[in-house]
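Below is one structure; the comments refer to it alone.
Since every read-out is calculated from the coordinates, none of them should be taken as a lab result. Owing to the predicted nature of the structure, the values given are computational and were not obtained by experimental measurement. So basically every Cβ, Gly included, is an ideal-geometry build from the backbone, and we count neighbours across all protein chains shown.
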Amino acid sequence: MGATEPVESNTYLKHYQHENNHVTGDSPETMTAIYQEQINLVIVQRSLPDVIANYCQALVENKSHFNLRSVVNPKTAVESLKFSLPDLEGQPEFVEDLALLLDMYSCLFELDEVGLRLQVLDRAMCPRFHIDKLGCRLVSTYQGQGTEWLSNDDVDRSKLGPGNMGLSDDVSGLYSQMADIQQVNKGDIVLLKGEGWYGNEGLGAVHRSPAVKQGEKRVVLTLDFA
């Protein structure tokens with residue numbers, strides 16, 4: 001993994017919007033923008049088919065504390081995930097979608113294995129804005145509210161971690177107003193460049209898990225370098 005910028009074709013340029021430190025698009029090609037030095041967050045917008053949304057709802061109803069952690073070979077992902085996921089209506093389609101994201105992520109970073117975590121959540125796992133110390137994580141929320149994040153222009157990084165002096169994010173001065181908080185949609189694919197990316201020290205994507213209302217659940221996928 002490095003900081004080399006990809007060659008951008010005219011087709012690629014039609015499919016994304018480049019703003020400050022982040023890129024938003026509707027094509028998988030958008031993901032290659034993460035290699036641009038100034039980019040630390042990439043969003044690929046997409047809608048989930050009803051069959052996948054229905055599977056996730058069934059997963060929540062039948063396995064309310066489901067938590068799968070696995071190191072997956074993308075070439076054999078379909079077979080391994082079939083045995084790891086509950087056999088509910090829509091499972092084949094859900095497995096195919098997970099395998100697609102695994103393939104995209106592994107191809108982007110030339111990985112033979114990928115660390116996968118799929119969880120049903122009833123609370124925010126990381127409720128404070130923070131940066132990751134790893135290279136680059138993929139997050140996709142299949143059910144519930146998506147990841148919240150702050151643009152580089154809207155965040156005072158000195159207020160992260162101990163710099164908040166024990167104050168909550170909304171009063172610490174980390175950001176100026178609630179309108180600064182941006183959020184991805186359900187189904188979107190998000191790449192979060194961390195502090196572990198070469199040359200990105202001090203510039204990791206600032207993000208957090210959204211609050212989960214009582215009685216609601218989220219189904220969240222994360223992919224990492226194995």
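Residue by residue, here is whether (1) loosely packed, with under 13 Cβ neighbours inside 10 Å; (2) of a type outside the set (Phe, Trp, Tyr); (3) over 19 Å from Asn40 (Cα atoms) holds:
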position	(1), (2), (3)
Lys133	yes, yes, no
Arg137	no, yes, no
Glu148	no, yes, no
Asp154	no, yes, no
Asp169	no, yes, yes
Gln177	yes, yes, yes
Ala226	no, yes, yes
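Entry remark, the range 63-79: residues being out of contact with any Asp or Glu (no Cβ under 8 Å at 6 or more places or on another chain) and farther than 14 Å from Leu118 by Cα number 3 in total. Filter the range 44-61 for residues that are touching a residue at least 12 places away in the same chain (Cβ under 8 Å) and farther than 25 Å from Arg123 by Cβ and give the result. Selection gives Val44, Gln45, Arg46, Ser47, Pro49, Val51.
Scanning the range 67-89 for residues that are without any contact (Cβ under 8 Å) to a residue 40 or more places away in the chain, of a type in the set (D, E, K, R) and not in a helix (DSSP H, G or I) turns up Asp87, Glu89. Screening Ser64 on (1) over 24 Å from Ala226 (Cα atoms); (2) surrounded by 16 or more Cβ atoms within 10 Å (Cβ to Cβ); (3) in contact (Cβ under 8 Å) with a residue 60 or more places away in the chain shows it passes everything except condition (2).
One residue stands out among those in the range 144-163 that are in contact (Cβ under 8 Å) with a residue 60 or more places away in the chain and acidic (Asp, Glu): the one that is farthest from His130 (Cα to Cα), which is Asp153.
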